[in-house]
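Enquirer: Sharing a structure here in structure tokens format.
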Protein chains: 4
Amino acid sequence: MRKGVMRPGHVQLRVLDIDAAVRHYADLMGLIEMDRDDQGRVYLKAWTEVDKFSVVLRPDDEPGMDFMGFKVVDDATLTQLGKDLQAWGCAVEEIPAEELKGCGRRLRFQAPSGHFFELYADKEYTGKWGVSNVNPEAWPRDLTGMKAVRFDHCLLYGDELAATYDLFVNVLGFYLAEQVLDDNGDRIAQFLTVSMKEHDVAFIMHPEKGKFHHASFFLDTWEQVLRAADLISMTDTSIDIGPTRHGLTHGQTIYFFDPSGNRNEVFCGGDYHYPDHKPVTWMAKDLGKAIFYHDRQLNERFLSVLT
Amino acid sequence: MRKGVMRPGHVQLRVLDIDAAVRHYADLMGLIEMDRDDQGRVYLKAWTEVDKFSVVLRPDDEPGMDFMGFKVVDDATLTQLGKDLQAWGCAVEEIPAEELKGCGRRLRFQAPSGHFFELYADKEYTGKWGVSNVNPEAWPRDLTGMKAVRFDHCLLYGDELAATYDLFVNVLGFYLAEQVLDDNGDRIAQFLTVSMKEHDVAFIMHPEKGKFHHASFFLDTWEQVLRAADLISMTDTSIDIGPTRHGLTHGQTIYFFDPSGNRNEVFCGGDYHYPDHKPVTWMAKDLGKAIFYHDRQLNERFLSVLT
Amino acid sequence: MRKGVMRPGHVQLRVLDIDAAVRHYADLMGLIEMDRDDQGRVYLKAWTEVDKFSVVLRPDDEPGMDFMGFKVVDDATLTQLGKDLQAWGCAVEEIPAEELKGCGRRLRFQAPSGHFFELYADKEYTGKWGVSNVNPEAWPRDLTGMKAVRFDHCLLYGDELAATYDLFVNVLGFYLAEQVLDDNGDRIAQFLTVSMKEHDVAFIMHPEKGKFHHASFFLDTWEQVLRAADLISMTDTSIDIGPTRHGLTHGQTIYFFDPSGNRNEVFCGGDYHYPDHKPVTWMAKDLGKAIFYHDRQLNERFLSVLT
Amino acid sequence: MRKGVMRPGHVQLRVLDIDAAVRHYADLMGLIEMDRDDQGRVYLKAWTEVDKFSVVLRPDDEPGMDFMGFKVVDDATLTQLGKDLQAWGCAVEEIPAEELKGCGRRLRFQAPSGHFFELYADKEYTGKWGVSNVNPEAWPRDLTGMKAVRFDHCLLYGDELAATYDLFVNVLGFYLAEQVLDDNGDRIAQFLTVSMKEHDVAFIMHPEKGKFHHASFFLDTWEQVLRAADLISMTDTSIDIGPTRHGLTHGQTIYFFDPSGNRNEVFCGGDYHYPDHKPVTWMAKDLGKAIFYHDRQLNERFLSVLT
């Protein structure tokens, strides 16, 4: 958090059928619908999040990610980071406050990987959902489905990983927590964090820019991962792989698809990071185990199905 | 237990390399080596079992199962069941006491499915391993690896399921807990129990007689299934599939192979059975979900790799 | 199950306020209300039970247990056991079918401990609640509260343990799974089973006859015990002790009270029993650890608060 | 981490019998002995920690905490924080490098609560114990006992909470994550964090300065808390309370004592904190539930047994 970037704050996803998408993200995954706007967008959040929303679903003809937003500590920091981004060579677009309901002004930029990101300092503080801020109970009794705990990170596919690394590490203050190196020592995957989490955003080398692999949500326990898997089956939701463990981060995970084909992850556990931690390295020749620690081989779908 | 058959008591497996096999069953799976004999056989047990052994490894050129043994309540019952088997039309061979060290006389017969089974009434009572029978602690501190709790059941592939059902249910007093029916209403899988467990032995329809699919061991929790999966990876053990849940029995499971190619399962949870329970039915057209509840599709290996 | 007694089938409890009791057993514990009758009794069951009900709540001025019922395998067995009970010296009262809705004729008797028990062979088969018998899902999505899995056992306080043992073991075919012996070698606690469970009914020596300590319900996992504890707190339900583990049976448990003061337990795990298992013994001088394995000391409430 | 303080890095505890203490912290809790020095001190660490040690045991006649140390991001930050502490009014003592083996220079100060703290920037980087930094396995196979994951925080009793708050928040950059307020609105407990953890150090109002309540270590799961509880019982270790959940932080926990009477906690779970989170407040009148969420009442021992 050395530059004032605090955490992943939201992701805007394109969905083909907004009603089916809401059933998926709310009824199945357990996010809470918080608002809608006149663009037809639906705003949702996970119950432990204190701000108004973390997932925005936008109806469109093609699935994928519009942008991912990071919250920074205050408006002065936001202004400074905007300047730093421009100094680094990034075009920065300012999106006015309330273009997303309840959200302050956002500074949008495109990373060399082709993805759009935003920074913002203010969002309506709604507090955790379903529990009081005084004498809070351990959890709300009326959560549904997977009871997702928080929006955690995105994994993105694109090229120019080195330049993207430079931008995130040197301008935005992220740390490299984990990486995959090929036989030439080139980094083909980078897991970046601004907190104790093993990744707040991650990039995998891919010839096409700006592709979306998955948005990930935290669950409390491995038993909740099992229940998520059960729910995926009960609801005939398209599964990708899991329950399993990652080698990278060692999180325990399951992947599946929303009705528009966007991949989701729910996971628990995983390692933690401090700024003085040396990055963990996985070798590309062992990528199977790095990604799927138990199977030790990749499924083609995981590498190639992107939105 | 209406005919006095109590539980699966042992399984004798053929292994190609006895040292590698012992490392697998003892160091990795956590069974305890209890004895060896002059045939080169190694006797092991899981820690909660009160009798001397439940797994016998026999060095041979081909993997597979020699036989599976069931313990009956007393010697008079054993004698009666021997007569009942013969009356039903089964040849019964008596194996003298101590042919397996610490085990009383065994009555061996071949089921119509082609598999060899044994009944016996006596085995040396060693008590649970590592805990006292007075003021017992919750578990022994020096278990290794997966810490398998007990030998639980075998799944066997063969033909003549109807005749095998008749033998197990009407002669030996098993109950049908779960079944898979094809479109003609024919039973292509039968899960049989003499206790509260959802299966003590199970058969899958297969054109070749006498094939062995897996021997299964119970674990306490889903977290222990995860740790088993981790250990499989750490030890470069060949994995089949998992962690996942079955539709049939709803147990939570992982499959892998011993160094000789015999398949093992460790699992936890699962439904329970009482004699008045109607059998649970899965339809063959949904066999994918019946076997692998989350993936909802079979892997070819699971159906065809047998020993 | 050597005499044909199969399992604990129901318990009838007296409650002071039927609406409060239903909120407790249904909304909090997750039992399903199945019926009511013109005596004002409410019938409930846990979701995995195949028969119509397992808990009957009867409005009365004093809390406590009216009787506990065991299901036997068929009506001929019921008739025989009635004769055996009388031959042993027990008065047997026949309660006609439908006195409890959906239940066949019941044979009621009083054990030397002072408690009333019943045997019955028939009860309306409703199947598991919320899942099909064909291609059943792993669990129903709309369970509430603690999601109790099944009525499991009762623990009862009374005197004449030796005679009660004789009745249950020699007439009804129970096995002694666990016991507490005092310094004189006298049994002051006996845990009796007719199945693989470590207890289907248990008795603790107590000078007053016919007292009720608790009715116990099974949960799937230690995480569900935690959630039960959380729910107890969230609903301001009176807790006794837990989460903890027992020494006896090694189950993982929490105790609390219904609004009428009847004690409940929900628990998971625990050892298993087969007829050839020697009983596990705890010494009375170590009763603290036998009951509460972690604290290793009894709370006075656990020993003295009875209904 | 706005002032460069990164995490709790070590705690030095006084113990009466060093051998008994090592058995407790290493064999039972699973810390790894890393070194000893000529003062008779023993250095230990938990396996996920990258630096050489986190717990130092010093033989002495009285138990208690000598000091708790925080690691800062670099030496320049250390220098600056030393100046800031002095400017605030704290005497700062510099302890030379290697006074603790493998640790760089430390700046020691006494908080108004009476406790001694240290800041340091350098400690020998040994990496995680038992796993490689390249293709790391999920966990080391040869951990013992409770398999503690990391030294997590200390809870301290003393007075002058307001001044201590000012020091930690305004000089050292901590955030107030949780607090207990009395009826006058005075803060009687403050949980302070420099990271995503709900507390890195916590203070409870107490008339005597400089008292030590407990040092806490993280475990992965609630099942590991159960196993810790089992081990406490198996080793006849003195238990305080648990397994249970806290209201404050909602962590799942168990407390016990080392052979010298110093209190330890192992726990899992718990909420997370970001700098924009408003502090969670518990009311002093509900302190029972705040501390022990399930029992909702304090035991006297928890409040009064300090070292």
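The values are calculated or read from the model by the stated rules, or taken from the named source; none is laboratory data. Remember, predicted model here, so these are calculated numbers, not experimental data. Backbone-built Cβ (ideal geometry, glycine too); neighbour counts: all protein chains shown. For the accessible areas, the whole protein counts, side chains as well, though only heavy atoms, and no ligand, DNA or RNA atoms are used. Shrake-Rupley method; radii C 1.70, N 1.55, O 1.52, S 1.80 Å.
Enquirer: Does the range C:5-120 come out rounded, prolate or oblate, given a ≥ b ≥ c as the square roots of the eigenvalues of its C-alpha gyration tensor, rounded meaning a/c under 1.5 and, failing that, prolate meaning a/b above b/c? Walk me through the numbers before you get to the answer.
Expert: Values: a/c = 2.22, a/b = 1.63, b/c = 1.36.
Judged from the Cα gyration tensor, the range C:5-120 comes out prolate (a/c at least 1.5, a/b above b/c).
Enquirer: When the label point is put 7 Å from the Cα of B:ASN133 along its Cα-to-beta-carbon vector, which residues of the range C:267-306 have a backbone N closer than 14 Å?
Expert: C:274-282
Enquirer: Considering only DSSP beta bridges with both partners in the protein assembly as shown, what is the antiparallel share in %, to the nearest 5?
Expert: Taking every DSSP beta bridge with both residues in the protein assembly as shown, the antiparallel ones total about 70 percent.
Enquirer: Too long at a 25 Å Cα-Cα cut-off: which of C:LYS123/C:LYS197; B:LYS3/C:LYS83; B:LYS123/B:LYS278; D:LYS71/D:LYS289; B:LYS147/B:LYS285; A:LYS289/D:LYS128?
Expert: Values: C:LYS123/C:LYS197 22 Å; B:LYS3/C:LYS83 23 Å; B:LYS123/B:LYS278 33 Å; D:LYS71/D:LYS289 33 Å; B:LYS147/B:LYS285 36 Å; A:LYS289/D:LYS128 20 Å.
Where the Cα-Cα span goes over 25 Å, the pairs concerned are B:LYS123/B:LYS278; D:LYS71/D:LYS289; B:LYS147/B:LYS285.
Enquirer: Please give the residues from the range C:115-162 for which the solvent-accessible area of heavy atoms, probe 1.4 Å, is smaller by at least 30 Å² with all protein chains in place than with the chain isolated.
Expert: C:TYR125, C:LYS128, C:ASN133, C:VAL134, C:ASN135, C:PRO136, C:GLU137, C:ALA138, C:TRP139, C:ARG141, C:LYS147, C:ARG150
Enquirer: Here is a further query. Over all directions, how big on average is the projection of the convex hull of the alpha-carbon atoms in the range C:150-304, in square nanometres?
Expert: On the way: hull surface 36.0 nm².
Average of the hull's projected areas for the range C:150-304 equals 9.0 nm².
Enquirer: Right, another one. For the protein assembly as shown, with every protein chain kept in place, what is the accessible area per residue (1.4 Å probe, Å²)?
Expert: Per residue, the protein assembly as shown has an accessible area of 32 Å².
Enquirer: How large a share of the accessible area of chain A, in percent, is made up of carbon and sulfur atoms when the probe is 1.4 Å and the other protein chains stay in place?
Expert: Answer for chain A is 48 percent, counting heavy atoms of protein chains only.
Enquirer: May I ask what percent, to the nearest 5, of DSSP beta bridges between residues of chain B are antiparallel?
Expert: Rounded to the nearest five, the antiparallel share is 70 percent.
Enquirer: What is the distance, in nm, between label points placed 7 Å from the Cα along the Cα-to-Cβ direction at C:ARG141 and at C:ARG58?
Expert: Here the modelled spin labels are 4.0 nm apart.
Enquirer: What value, in deg cm²/dmol to 500, does the helix sum -39500 (n - 2.57) over DSSP H runs of n ≥ 4 give at 222 nm once divided by the residues of chain D? Each step should come with its number before you reach the end.
Expert: Details: 6 runs with 48 residues, N = 307.
Rounded to the nearest 500, the figure is -4000 deg cm²/dmol.
Enquirer: Would you mind pulling out the separation of the Cα centroids of the range A:1-78 and the range C:231-307, in Å?
Expert: 46 Å
Enquirer: Given H placed 1.01 Å from N in the peptide plane, which residues other than close sequence neighbours of D:PHE67 have an amide H under 5 Å from its amide H?
Expert: Under 5 Å from the amide H of D:PHE67 lie the amide H atoms of D:GLN12, each far enough along the sequence or on another chain.
Enquirer: What is the distance in Å between the Cα centres of the range A:93-108 and the range D:106-175?
Expert: 38 Å
Enquirer: Which value, in Å² and to the nearest 10, is the accessible area of D:MET68 when all protein chains are kept and the probe is 1.4 Å?
Expert: Using a 1.4 Å probe on the heavy atoms, I get roughly 0 Å².
Enquirer: If packing is taken as the average count of other Cβ atoms within 10 Å, what order do C:22-33, B:156-167 fall into, highest mean first?
Expert: C:22-33, B:156-167
Enquirer: How far apart, in nm, are two points set 7 Å out from the Cα along the Cα-to-Cβ line at D:THR235 and at B:ASP75?
Expert: 4.8 nm
Enquirer: Sticking with this structure for a sec: Which value, in debye to the nearest 20, gives the size of the charge dipole of chain A about its Cα centre, when Lys and Arg are +1 and Asp and Glu are -1 at the Cβ?
Expert: Using Cβ point charges on Lys, Arg, Asp and Glu, chain A gives about 520 debye.
Enquirer: At what distance in nm do the modelled label points of B:ASN170 and C:GLU208 sit from each other, each positioned 7 Å from its Cα along Cα→Cβ?
Expert: 5.7 nm
Enquirer: Could I ask something else about it? Across the Cα atoms of the range A:91-203, what radius of gyration and what greatest pairwise Cα-Cα distance (Dmax) are found, in Å?
Expert: Considering the range A:91-203 through its Cα atoms, Rg and Dmax are 17.7, 55 Å.
Enquirer: I've got another one for you. How big, in percent, is the set of alpha carbon pairs in the range B:156-226 lying more than 19 Å apart?
Expert: 39 percent
Enquirer: Further question on the same structure: Considering the zone a paramagnetic label at C:GLU98 would reach in this model (a point 7 Å from Cα along the Cα-to-Cβ line), which residues of the range C:47-70 have amide N under 19 Å from it?
Expert: It comes to C:52-53, nothing else.
Enquirer: Can you give the accessible area buried between chains C and A, summed over both chains, with a 1.4 Å probe, in Å² to the nearest 100?
Expert: Details: alone 13180 and 13170 Å², together 24810 Å².
That pair of chains buries around 1500 Å² in total.
Enquirer: Could you sort B:253-266, A:127-140 so that the peptide with the highest average Cβ count within 10 Å comes first and the rest follow in order?
Expert: Listed from highest to lowest mean packing, they are B:253-266, A:127-140.
Enquirer: Something else: Give me a single rounded figure for A:284-292: the average over its residues of other chain Cβ atoms within 10 Å of their Cβ.
Expert: Taking the mean over all residues of the peptide, I get 1.
Enquirer: I'd like the antiparallel share, as a percent to the nearest 5, of DSSP beta bridges with both residues in the range D:5-120.
Expert: 75 percent
Enquirer: May I pose another question? Which residue of chain C is nearest the rotation axis onto chain A, counting by its Cβ, and what is the distance in whole Å?
Expert: C:GLU223, 2
Enquirer: Calculate the mean, over all residues of peptide A:225-236, of how many other protein chain Cβ atoms lie within 10 angstrom of the residue's Cβ.
Expert: Mean partner shielding for this stretch: 5.
Enquirer: Enter the mean number of other protein chain beta carbons within 10 Å of the beta carbon of each residue in D:190-200, as an integer.
Expert: Across D:190-200, the average partner-chain Cβ count within 10 Å equals 1.
Enquirer: Same structure again: Give, in whole angstrom and from largest to smallest, the semi-axes √(5λ) of the equivalent ellipsoid of the range B:1-59, with λ running over the eigenvalues of the Cα gyration tensor.
Expert: Largest first, the range B:1-59 gives 23, 13, 10 Å.
Enquirer: Also: In whole angstrom, and with the biggest value first, how far do the Cα coordinates of the protein assembly as shown range along each principal axis?
Expert: 92, 67, 65
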